[in-house]
Each structure stands twice: as C-alpha cells, then as structure tokens.
Amino acid sequence: MAQKDREFVPGTLIVARGSTVAFPNLDNVRHSIYSFSKAAKFSIDLYGRDQTRTQGFLIAGTVALGCNIHDEMRGYIRVTDTPFAGKTDHNGFVTLTSVPAGGATVGVWHPRLRSPGNETSSDVTISSGSQSRRYKLRMR
Amino acid sequence: MTRAFRTFDKLRFGSLKLRIASLYAGLFALVLAVVVLVAGNALSRFGEASATRDLESNARVFDEILELRARQLRRSSEVLSRDFGFREAVATNDAITIDSALESLKSRSDANAAFVIGVDGKLLASGDARIGNPDALWYPLDEGQQRGIIAVGGELALAAASPVEVPDTIGWLVLAQPLDKAELDRLAKLAAVDVEARVMLPAAMPDWMLSAPNDSVFQRAEGQSTLFHVSPLPALQDDLKPRLVLQHSLDASLAQYTRLQIWLVALAIAAVLFVIALSWRVARTVTGPLQKLDEATRAISEGRVFELKAETDDEIGRLADSFNKMSSAIEDRERKIIHVGLHDGLTGLPNRKLFVEQLDQAVRRLDDSGRLMVVYADLDDFKVVNDTLGHPAGDRLLCDVAAHLRENLPDALVARLGGDEFALLIDNLGSDRSLAAIASEILVCFQRSLMIDGQLAESSASLGIAVAPGDGRDGTVLMKNADLALYRAKSEGKAAYHFFEPSLDEEARKRRQMELDMRMALRDGGFELYYQPLYGAVEEELKGFEALIRWFHPELGFISPAEFIPLAEETGLIIPIGEWVLREACQQAATWPGELSVAVNISPKQFASPGLSQTIMQALAHGELSPKRLELEITESIFIANVEKTLSTLHSLRALGVRIALDDFGTGYSSLSYLRSFPFDKVKIDRSFVQAISKEVNAHAVIRAITTLAEALGMETLAEGVEQEDQLEVLRREGCRYIQGYLFGKPTPAADLGNIFGDVNDKSKRLSA
C-alpha cells in the first residue's frame with residue numbers, strides 16, 4: 001500500500017491473513033504509519049521518499065491506518081482468512097468466483113458503513129451457477 | 001383655531017396692553033407646549049429605541065462572546081484530542097491515563113468538566129463530571145456538532161467537543177465551562193448598558209416569555225418597564241432547549257432622558273416668562289400713545305385745548321399729527337358754529353340771543369349816572385314788499401337796511417330779531433344827550449329807497465324805545481317795554497317812534513286779559529249774534545238781515561266790536577270767531593221765512609285763511625241753508641296784500657253760490673279798479689255818505705254817481721246807517737236798491753226777530769203809502 005499525494009493508495013486493500021504488506025512512500029514528504037486496530041497494533045516512525053516499510057498481518061480483521069502527521073490520511077487493510085473476498089468497483093459491483101455451493105455468510109464492510117465495526121453480515125445459500133445479490137447499506 | 005380666536009376676542013381684558021400681551025404670550029406658550037410635548041415624546045421614543053437597539057446589540061455581543069468561549073474550549077479540547085498518546089489511551093481504553101489527561105486539561109483550560117464519550121455513546125471517561133445522560137449527547141456529537149449547552153450536575157454549562165480519531169473517530173472529548181449566574185453577570189458587565197443575562201430552560205420560563213418571538217426585543221411592564229431579548233442557544237444535548245434571556249430596565253435607561261425633559265420644560269417656562277415680559281413691553285409701546293390719545297380726547301371733550309407731541313415719525317407720530325389737526329379743526333368749527341348760533345344768517349347782524357346777552361351785560365355794567373337805550377324797530381309794510389317784489393327783494397332790502405344801520409350808527413349794537421324786526425342797543429348815554437334826537441336819527445336811518453329789478457322799494461320803520469334805568473333795570477323787562485312802545489307806535493300810524501310809558505304796560509295787560517276773555521267767551525258761548533234788517537227800497541219789503549256780533553262781558557258788560565275785533569284780528573282769534581259767526585248765522589237764517597238772506601262780515605285775516613271755503617260749505621250744510629241766501633261782506637283792504645290771490649279767492653267763493661258784497665265802499669282806497677276786476681253782487685255805500693245827505697249839497701251827486709256806476713257794472717247798491725226819512729227819500733230817488741239803518745230796525749237778538757218780520761213790512765207799507 002503506497003503513500004502518494006498524501007493518500008494511501010489504494011485506500012482499501014484486502015490481504016489474506018499472514019500476508020506482509022509493503023508501504024512505499026512515493027511522496028516527497030515524510031510519512032508515518034500507525035494502527036490501534038485490534039487486528040494489528042503497530043506504529044512505524046516517519047520515513048522518507050522512496051523508502052518502504054513492511055508490516056505483517058497475522059490476525060484477521062480490519063486495520064485502520066493513519067499517518068501521525070497527516071490526520072486526513074486514511075487507509076484500510078482488511079485481513080481475511082477466506083479466499084472469497086473482493087473489493088467492489090466504483091459502481092459497487094464485485095464478483096466472487098468459485099464459491100462452493102452451500103450455506104455461507106456474506107459480510108460487507110465499508111469504512112463509513114453505519115453499523116458496529118462498519119460491517120454487516122448475512123447468511124446466504126450458494127447454489128451452482130452465477131448468482132447476484134443486492135445489499136442496501138446505510139452510510140455515515 | 002378660528003373659534004379659539006373668536007373666543008379670545010370675546011374675553012374682556014379692560015386693557016389693550018393686557019390683551020396684546022396675553023395673546024402673544026399665550027400663543028407662544030401654546031407653541032412651546034406643543035414643541036415640548038413633541039420633543040419629550042420623541043425623547044422617550046428615542047430612549048426606548050436606543051435601549052432596544054442597545055439590547056439587540058448586546059444580544060449579538062453575548063452570542064459572539066459565547067461563541068468565542070466555546071471556540072476557545074474547543075481549541076483546548078482539540079489539543080488533547082489530537083494528542084497521539086491520548087488517542088492511544090482512548091483507543092486502548094486506558095481509563096487511568098485518560099482521566100489524568102482530562103484532569104490536567106480541566107485545570108489548564110478553566111473548565112469544570114471534561115469527559116470522553118465513545119462512538120458507541122458510552123461514557124469512556126468522565127473525570128469527575130456528573131453527566132446525567134451521555135446518550136443525549138451522542139446524537140448531536142455524531143451529527144458533527146462541536147459546541148453547545150449541556151447539563152453538568154444539574155447546572156447548565158457551555159461545552160465544546162472534538163472527535164478522537166485514530167484516524168477513524170472512536171469518541172469525542174467534551175470540555176465544559178459553567179454558565180452560572182456569577183459567570184453570566186461577569187459577561188453582562190462587558191455590555192454597554194446595564195443588562196441582566198440568564199440562560200434558562202423552557203421549564204423555568206414563564207408563559208409570556210415562551211410565547212415571545214425569538215431574537216427580537218420586546219417590552220414588558222411589570223411594576224416597571226423592562227425590555228427583554230430571548231434567543232435560543234445551541235445545545236449539545238438533544239434533550240435541552242436552552243434560551244439566553246437578556247433583560248434591561250427601560251425605566252432606568254429612560255431616567256437620563258427624563259432629566260433632559262425636565263430641562264426642556266424649565267427652558268420652555270423661562271422662554272414663556274421672557275416672552276411675557278417682552279410682549280408686555282411691546283404692548284406698552286402700542287398702548288402708551290393710545291393712552292395719551294385717550295387723555296387728549298377726553299380733554300377735548302371737556303373743552304380743554306390739548307396738544308399731542310409727535311415723538312416718532314411712524315404711524316403713531318402721524319396719528320398724533322392728524323389728531324392735532326383734527327382738534328384745531330374742531331376748534332375752528334366750534335367758533336364758526338357759535339358765530340352762526342349768535343348771528344343772523346342773512347344780514348350777519350347779531351341775533352336775538354346775542355343781543356339779549358349783550359343787553360344783560362350792558363345793564364349790569366350800568367352805573368348810577370349812565371343810561372342806555374333799547375330800540376325795537378319793525379319795518380312798515382314789509383310784507384307788501386315781500387308779496388309784490390318777492391322774497392329775494394325783501395331780503396335785499398333787509399340787507400341794505402342792516403348795512404346802512406351799521407354804517408351810520410357805529411356806537412349802537414344792531415341786531416336782527418327775525419323777519420322785519422330789528423333791535424338796537426345804545427350804551428353810555430350821558431344824561432345830557434337828547435333821546436328824541438337819537439330816536440329821530442335812527443328813524444332816518446331806516447328810511448331807504450332801493451331800486452330792485454327796476455322797481456322802487458321804499459322802507460320805513462316804527463320804533464319803540466325803552467330807556468334804562470327809568471324803564472327797567474333788567475334786559476327782559478326793557479325789551480318787553482320797548483316792544484310795547486313799538487306796538488303803540490305802529491298803532492298810532494307808522495314811520496314814527498314812541499317812548500315807553502307805564503300806561504302802555506297797563507294797556508298791554510288789558511289786551512292780554514281781553515284775549516283770554518275772548519277765548520273763554522268763544523268756549524262758553526259768550527258771543528251772540530244780533531241781526532239788523534235790510535230793506536228793499538224798490539220792492540218795499542224786508543230782504544234779509546246783516547249778522548252783527550255782540551259780546552256781553554260778564555264783568556265789563558257790553559264790549560264794542562270796534563274794541564275786540566281788532567284784537568281778535570291781531571291774535572288770530574278772528575278765525576274761530578268768524579267760523580262761529582258763519583255757522584250761527586246760517587243756522588239762524590234757515591229758520592227764517594221765505595227767501596230772507598243773511599249777510600256776514602268776513603275780516604281780511606279770515607279772508608286770507610286757506611280754510612274759508614271749507615268753513616262756509618260746512619256752515620251751509622250744517623244749517624241746511626241755500627247758498628244764495630248767504631251774503632259775504634268784504635272790505636276793500638283785502639286787495640292790499642295780493643290782488644291775484646284775492647281775486648282767485650273771490651272767484652272760488654262765488655263758485656260756492658254765495659253772494660259777495662263790497663263793504664264800506666267809498667272809504668279807504670276806494671279804487672274803482674276793484675269794481676272792474678271783480679263782479680261784486682252788491683256795493684254797500686258807507687254810512688258817512690248817507691249822513692252827509694242832510695248836511696252837504698253835493699252828497700246827492702256822490703250817491704248818484706255810485707249807484708249809476710254800480711248799475712252800469714250790474715251790481716246792486718245798499719246804503720248803511722239810514723236814520724231819517726229824508727235820507728231814505730234821497731236814496732230812493734238816487735236809485736239805491738237796499739236800505740239798512742235804525743230807521744227800519746236796530747240790530748236785534750235772534751229770539752226777537754219773529755216780531756220784526758211783520759213789523760218791518762208794516763213800516764214799509766206805511767212809508768210807501
């Protein structure tokens with residue numbers, strides 16, 4: 001997850017549990033990275049341009065990233081322990097493939113979702129073939 | 001307004017000065033009162049308006065201050081909420097660290113409460129603040145509200161909140177400061193005016209305050225007038241609806257204006273007093289001269305001379321000038337009027353009034369040795385001049401005489417008493433001067449002859465003279481005596497003078513008495529008619545009677561008509577007496593048998609009176625007598641005055657149908673032209689001719705001449721005073737138709753006439769036999 005133009009790019013990143021994420025600084029200012037999230041509590045001191053720091057994420061959950069000196073910078077890393085996860089496009093569409101049929105739980109997360117933990121979940125039954133579902137969400 | 005002025009006009013002030021002064025002062029006071037009223041009212045309004053404005057701006061200031069405070073609070077809280085360590089503490093729910101940080105923030109920022117509310121609405125750390133209901137704060141906080149009122153431990157407090165972000169918001173740090181009375185009072189002191197500020201909750205507010213519009217000033221009078229301003233305050237707690245209430249005592253702020261109003265009134269009163277004094281002064285400059293004018297007018301009305309001084313050359317000065325001119329003009333006119341009042345307008349001689357005054361003075365001045373002479377003069381036959389030549393000619397004659405008198409008698413005071421009467425006063429006569437000589441001199445002065453319009457007018461006068469002190473020591477007595485002497489001079493023939501004698505006085509008294517007696521006789525039937533028969537010489541029978549008046553005075557006995565008739569003529573009594581005679585004669589004649597006529601004498605004065613025809617007609621009608629049986633006897637003297645007028649009167653009498661005889665023919669003027677000018681029915685030959693028959697030879701010839709003339713003119717003749725047979729004989733022979741005289745009968749009372757009717761006829765028969 002890069003830091004470019006004082007933003008985390010991309011703003012939201014989905015990684016599998018146990019992954020290590022690199023944070024290259026592509027700006028010409030220095031950035032720090034911290035997280036008080038339960039899934040990953042860490043703090044990376046300021047580092048400069050073209051430097052990269054890495055962090056491993058061993059617990060599944062949502063990690064909210066901030067820069068200590070740039071309040072407006074927000075970045076989110078969703079550490080998942082399922083392969084069936086994806087980020088929607090700008091129109092809110094995402095396609096998950098190869099999901100085995102049967103009962104499943106669908107969780108929807110968004111940093112401004114108006115729900116505890118910014119996440120809602122619902123149980124669904126997956127049948128073979130493609131299916132589409134609509135979720136209506138309340139945002140902050 | 002006009003009515004007010006009219007009412008003012010009706011007010012009685014007694015003095016113009018007071019009126020002017022009151023009018024001006026009153027008007028000024030009125031205007032000033034209006035000004036003061038309007039200004040006072042405007043002041044009050046201005047005071048209210050400015051108090052309202054002040055309160056509004058105070059409200060804004062309060063809002064501003066509260067906002068400022070809240071921002072400060074928020075800045076303080078932000079410092080902590082952004083602190084990495086604090087955020088970490090909050091994120092990790094490290095309560096002890098959080099509390100200590102809050103504690104230090106409180107002391108740093110003068111706040112009394114600081115706490116953290118989690119994003120789930122739970123109070124994470126409260127310091128020692130007693131937050132009743134954290135949930136109520138959550139919604140506004142979640143909405144992003146940063147400042148507002150909250151309740152801390154039951155007290156209202158100003159709070160500011162800042163989010164704790166890691167970087168997502170996990171809670172809010174809230175910092176609060178109390179808004180209690182002490183704090184608000186402190187804030188109120190910052191305001192320009194005396195304001196009391198309170199933050200109130202609806203539950204604590206009275207109804208009128210709740211229903212009042214927000215954010216505007218309104219007035220409420222409870223004991224004293226107070227301005228209120230209520231504005232809502234933002235709350236950081238959704239169960240609170242706090243209001244900021246500002247109040248300001250209007251009475252207090254108006255008090256300063258009241259002082260200004262008192263000053264204004266005081267100033268107005270001072271101005272009115274000043275104007276009263278001024279208008280009094282102005283009024284005096286107007287009324288002062290008026291007062292002087294008033295005095296002057298009074299002085300002139302009392303007959304004093306008064307000169308006004310013209311001090312200025314304005315209207316007042318001109319008025320004084322005009323007034324002086326007027327007063328001198330009045331004086332002039334007065335003098336003229338007095339002159340006119342004391343002088344005769346025609347001749348310019350003094351009049352009777354002035355003459356009497358001067359005479360009185362002269363008599364008073366008269367000393368023991370001195371004498372003075374009062375002359376009464378009356379022009380002789382002046383009436384003839386007036387009648388024949390006209391009044392302008394008469395006036396010219398009078399003027400000529402007056403001028404001549406003045407010229408020739410410089411020592412005498414000459415006065416015209418009226419008409420043709422003059423009076424002269426000659427003073428300072430020594431005892432040696434001949435009075436008769438003076439009298440003759442005066443008499444000559446009156447003899448004038450004057451050509452007027454080609455005709456000669458001559459004048460002469462009769463004089464009556466009284467001399468003081470012999471004939472009286474009193475002006476009135478002297479004039480009366482001179483008048484009596486004049487009367488005597490006139491009656492003794494004209495153009496002569498007569499001095500007063502005491503016997504004249506006695507005569508005058510007698511005449512007055514006789515006049516009174518005549519009036520009484522007329523009233524009481526003291527007169528009686530006697531009738532003397534008229535005898536027809538040819539027919540030898542009784543033809544009628546002449547009525548002759550007789551007066552038997554109760555004391556003096558028989559009084560001759562020759563004595564009282566002239567007096568009756570003079571006094572005018574002849575008119576009523578003549579009327580009586582006519583009426584009585586007509587009534588009597590109507591009782592006589594046959595066609596017997598009655599002859600009545602008409603005096604010149606009676607003849608000239610305008611009512612004669614009327615009187616005759618009435619007498620005839622009253623007695624039911626045929627007009628042809630009435631004969632009027634008229635003397636020639638009626639022709640003296642005015643021939644034309646006399647002729648017209650005669651013709652009008654003739655028109656009545658009565659007969660007219662010319663009496664006493666042959667005496668007096670005996671002008672034949674009279675006979676020619678009027679066809680008399682009868683001519684009465686005067687008794688003097690009859691009596692001459694026995695004595696004079698040519699008397700026959702005269703009688704014959706008269707009868708022949710009369711016959712030629714178609715007139716009858718009658719001879720009076722026939723007493724003897726030979727007279728009768730001659731008269732009959734000479735052609736006289738009628739005879740009257742003692743030979744046939746004396747005048748007889750009416751009652752005895754019955755005997756005569758037979759008697760006379762007998763006698764005539766006897767004569768003819």
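Side notes on the structure shown:
- Taken together, B:GLY153, B:GLY171, B:GLY132, B:GLY223 contain a single residue that is over 25 Å from B:ARG60 (Cβ atoms) and touching a helix residue (DSSP H, G or I) at 6+ places or on another chain (Cβ under 8 Å), which is B:GLY171.
- Number of the condition not met by B:ALA568 [criteria: (1) within 21 Å of B:THR615 (Cβ to Cβ); (2) in contact with a Leu (Cβ under 9 Å, 6 or more places away or on another chain)]: (2)
- Residue list for segment B:675-692, filter: outside any helix (DSSP H, G or I) and open to solvent by 10 Å² or more (accessible area, probe 1.4 Å): B:PRO679, B:ASP681, B:ASP686
- Filter pass, B:ASP120 being farther than 17 Å from B:LEU80 by Cα, more than 14 Å from chain A (Cβ to nearest Cβ), of a type in the set (Asp, Glu) and assigned to a loop (DSSP other than H, G, I, E, B): no
- For segment B:55-82, the set of residues classified as farther than 13 Å from B:LEU175 by Cβ and within 13 Å of chain A (Cβ to nearest Cβ) consists of B:ARG82 only.
- Applying the condition of being open to solvent by less than 30 Å² (accessible area, probe 1.4 Å) and within 13 Å of the chain's Cα centre (by Cα) to segment A:1-10 and asking which residue is nearest to the other protein chains (Cβ to nearest Cβ) yields A:PHE8.
- Pair list, Cβ < 8 Å and 6+ apart or interchain, from segment A:106-131 residues that are within 14 Å of chain B (Cβ to nearest Cβ) and open to solvent by less than 80 Å² (accessible area, probe 1.4 Å) to residues that are in a strand (DSSP E or B) and polar (S, T, N, Q): A:TRP109/A:THR62; A:PRO111/A:THR12; A:LEU113/A:THR120; A:GLY117/A:THR62; A:ASN118/A:THR62; A:GLU119/A:THR62
- The one condition from (1) of a type in the set (A, V, I, L, M); (2) more than 57 Å from the chain's Cα centre (by Cα); (3) under 30 Å from B:LEU731 (Cα atoms) that B:LEU556 does not meet is (3).
- Enumeration of residues in segment B:140-173 that are part of a strand (DSSP E or B) and either outside the structural domain of B:LEU68 (by TED's automatic domain parsing) or over 15 Å from B:SER81 (Cβ atoms) (or both): B:GLY148, B:ILE149, B:ILE150, B:ALA151, B:VAL152, B:GLU155, B:LEU156, B:ALA157, B:LEU158
- Pairs linking a residue in segment A:13-38 that is within 14 Å of chain B (Cβ to nearest Cβ) to a residue that is among the basic types (Lys, Arg) and assigned to a loop (DSSP other than H, G, I, E, B), with Cβ atoms under 9 Å and 6 or more positions apart or on different chains, are A:HIS31/A:ARG6.
- Qualifying residue in segment B:139-155 (condition: at pLDDT below 85, closer than 21 Å to A:GLY117 by Cβ, open to solvent by 60 Å² or more (accessible area, probe 1.4 Å) and more than 14 Å from every other protein chain (Cβ to nearest Cβ)): no
- Identity of the residue in segment B:462-494, in contact with a Ser or Thr (Cβ under 7 Å, 6 or more places away or on another chain) and open to solvent by 40 Å² or more (accessible area, probe 1.4 Å), that ends up modelled with the lowest pLDDT: B:LYS494
- For B:PRO610, the requirement of being free of Cβ contacts under 8 Å to residues at least 12 places away in the same chain and either part of a loop (DSSP other than H, G, I, E, B) or of a type in the set (Ser, Thr, Tyr) (or both) is met.
- Residues located in segment B:712-725, provided they are loosely packed, with under 14 Cβ neighbours inside 10 Å and not aliphatic (A, V, I, L, M): B:GLY714, B:GLU725
- Any chance B:VAL275 is closer than 26 Å to B:LEU18 by Cβ, modelled with pLDDT of 85 or more and buried (at least 18 other Cβ atoms within 10 Å of the Cβ): yes
- Here B:PHE639, B:PHE665 are screened, and the one residue that is aromatic (Phe, Trp, Tyr) and in contact with a Phe, Trp or Tyr (Cβ under 8 Å, 6 or more places away or on another chain) is B:PHE639.
- Of all residues in segment B:278-302, those that are open to solvent by 60 Å² or more (accessible area, probe 1.4 Å) and closer than 23 Å to B:GLU334 by Cβ total 7.
- Any hit, segment B:365-388, residues being open to solvent by 40 Å² or more (accessible area, probe 1.4 Å), part of a helix (DSSP H, G or I) and either touching a Ser or Thr at 6+ places or on another chain (Cβ under 7 Å) or over 22 Å from B:ALA457 (Cβ atoms) (or both): yes
Each row is one residue, and each column tells you yes or no for (1) free of Cβ contacts under 8 Å to residues at least 60 places away in the same chain; (2) of a type in the set (Ser, Thr, Tyr); (3) surrounded by 15 or more Cβ atoms within 10 Å (Cβ to Cβ).
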site: B:TYR535; (1), (2), (3): no, yes, yes
site: B:LEU548; (1), (2), (3): no, no, yes
site: B:PRO554; (1), (2), (3): yes, no, no
site: B:ALA562; (1), (2), (3): yes, no, no
site: B:GLY572; (1), (2), (3): yes, no, no
site: B:TRP592; (1), (2), (3): no, no, yes
site: B:VAL600; (1), (2), (3): yes, no, yes
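- Selection of segment B:520-533 for residues being buried (at least 16 other Cβ atoms within 10 Å of the Cβ) and more than 30 Å from B:GLY741 (Cβ to Cβ) yields an empty set.
- Restricting segment A:63-74 to residues that are open to solvent by less than 40 Å² (accessible area, probe 1.4 Å) and touching an Asp or Glu at 6+ places or on another chain (Cβ under 8 Å) leaves a set whose member that is nearest to the other protein chains (Cβ to nearest Cβ) is A:GLY66.
To keep it simple, each residue is scored yes or no on (1) assigned by TED's automatic domain parsing to the domain that holds B:TRP208; (2) closer than 17 Å to B:ALA29 by Cα; (3) part of a helix (DSSP H, G or I).
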| residue | (1), (2), (3) |
| --- | --- |
| B:ASP238 | yes, no, no |
| B:LYS241 | yes, no, no |
| B:LEU260 | no, no, yes |
| B:LEU267 | no, yes, yes |
| B:VAL275 | no, yes, yes |
| B:SER279 | no, yes, yes |
| B:ARG284 | no, no, yes |
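- Restricting attention to segment B:83-110, the residues being surrounded by fewer than 19 Cβ atoms within 10 Å (Cβ to Cβ) and within 12 Å of chain A (Cβ to nearest Cβ) number 7.
- Test: residue in segment B:224-236 that is exposed (fewer than 12 other Cβ atoms within 10 Å of the Cβ), in the same structural domain as B:SER44 (by TED's automatic domain parsing) and at pLDDT below 85: yes
- The listed residues are A:PHE42, A:PHE93, A:PHE57, A:PHE84, and the only one of them that is over 15 Å from the mean Cα position of the chain (by Cα) and more than 14 Å from every other protein chain (Cβ to nearest Cβ) turns out to be A:PHE93.
- Highlighted here are the strands (runs of 3 or more DSSP E) found entirely within segment B:424-497 that include at least 3 residues which are assigned by TED's automatic domain parsing to the domain that holds B:ARG364 and of a type in the set (A, V, I, L, M, F, W, C): B:448-452, B:461-468.
The values are calculated or read from the model by the stated rules, or taken from the named source; none is laboratory data. Every value quoted in this text rests on a predicted model; they were computed, and no experiment measured them. Positions of Cβ are backbone-derived with ideal geometry, glycine not excepted, and every protein chain shown enters the neighbour counts. With ligands, DNA and RNA removed, areas are computed over all heavy atoms of the protein, side chains included. Shrake-Rupley method; radii C 1.70, N 1.55, O 1.52, S 1.80 Å.
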